[in-house]
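The values are calculated or read from the model by the stated rules, or taken from the named source; none is laboratory data. Quick caveat: nothing in here was measured; it's all calculated off a predicted structure. Positions of Cβ are backbone-derived with ideal geometry, glycine not excepted, and every protein chain shown enters the neighbour counts. In case anyone asks, the SASA skips ligands and DNA or RNA and just uses the protein heavy atoms, side chains included. Shrake-Rupley method; radii C 1.70, N 1.55, O 1.52, S 1.80 Å.
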Amino acid sequence: MEQWKGKVAIVTGASAGIGAAIAQALVHHGMVVVGLARRQEKIQQIADYLAKSQEPGKLYALKANLRKEEDILAAFEWVEKELGGADVLVNNAGLSIYNYIQDGKTEDWRNMWEVNVLAVTICTREYLKSMEKRNNQNGHIFIINSVGAHIHDIPAYAMYTATKYAVKGFSQCLRRELSQKNSTIKVTSISPSWTRTESTTSGQLEQLGSQAILEPSDVAKALIDALATTTVTQICEMIITPLPNGLIY
């Protein structure tokens, strides 16, 4: 991780769960992190804690609703103006609403597509535009996907699964596009199985029973491992399941 010390990373959905864990891990390794979320105050609490702990990096808290393009554009403009632009992008923000198709609500589906797919594409586009403007090819794009992008037959998860399959396809096309341009910007999709976050309901935990579950720090560690690879090594896809008896795809 030595090559990333002092470099800038944007992490979406950084107020809690996996996003918060990733932001803290990057700061621990000396990076300057800009966390985006609607709950800016939650990110600021984490930033204050990290500062008191004298971690080598720094966390900035920016308020952004990932369903609003204007918020995303404003955030990237701030990062470029104040910090010179981001070197690493972590598309982590996600929304999970589970119901059977017959019982589904259009608004729920629309919200998931806007956060899980459209926000990812907008953030990635703005990141690439900034990298090109700065003639910077030493970058890394992460997409925190889901094991749902590899399992397609779980009842009640149809629309959520559809968004994750879409992001899986997007990451593969993005990697091919960058390759055709002889770019050395890496693209890594990380697909965790069940992870204990704020969105994990008591009903879901009861359903899992004794089945193992990941912690946000497990996903953050996987991202750090992928980021720390050599300049010629690109980890394209990571599927993470817990042992000994976690969900197997």
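Just a few scattered comments:
- Meets criteria (touching a residue at least 24 places away in the same chain (Cβ under 8 Å) and within 12 Å of Ser96 (Cα to Cα)) for Asn136: no
- Evaluating Glu55 against the criteria (1) touching a His at 6+ places or on another chain (Cβ under 8 Å); (2) loosely packed, with under 14 Cβ neighbours inside 10 Å leaves one unmet condition, (2).
- Just one residue in the set Lys81, Lys63 is under 23 Å from Thr197 (Cβ atoms), among the charged types (D, E, K, R) and free of Cβ contacts under 8 Å to residues at least 60 places away in the same chain; that residue is Lys63.
- For region 196-231, the set of residues classified as open to solvent by 70 Å² or more (accessible area, probe 1.4 Å), at pLDDT 95 or above and β-branched (Val, Ile, Thr) consists of Thr230 only.
- Restricting attention to region 68-100 and to residues that are modelled with pLDDT of 95 or more and of a type in the set (S, T, N, Q), the residue that is farthest from Gly19 (Cα to Cα) turns out to be Asn91.
- Of the residues making up region 91-114, at least one is open to solvent by less than 20 Å² (accessible area, probe 1.4 Å), touching a Cys at 6+ places or on another chain (Cβ under 8 Å) and either among the hydrophobic types (A, V, I, L, M, F, W, C) or under 15 Å from Gly13 (Cβ atoms) (or both).
- Output for region 32-60, where each listed residue is of a type outside the set (Gly, Ala, Ser) and farther than 22 Å from Thr195 by Cβ: Val32, Val34, Gln40, Glu41, Gln44, Asp48, Lys52, Gln54, Glu55, Pro56, Lys58, Tyr60
- For region 32-55, the criterion of being touching a Phe, Trp or Tyr at 6+ places or on another chain (Cβ under 8 Å), over 30 Å from Thr233 (Cβ atoms), free of Cβ contacts under 8 Å to residues at least 24 places away in the same chain and of a type outside the set (Asp, Glu) is met by at least one residue.
- Within region 69-107, being touching a helix residue (DSSP H, G or I) at 6+ places or on another chain (Cβ under 6 Å) and of a type in the set (Lys, Arg) holds for no residue.
- Residue match in region 105-114 (condition: in a loop (DSSP other than H, G, I, E, B) and free of Cβ contacts under 8 Å to residues at least 12 places away in the same chain): yes
- Restricting attention to region 26-77, the residues being part of a helix (DSSP H, G or I), polar (S, T, N, Q) and farther than 24 Å from Asn116 by Cβ number 2.
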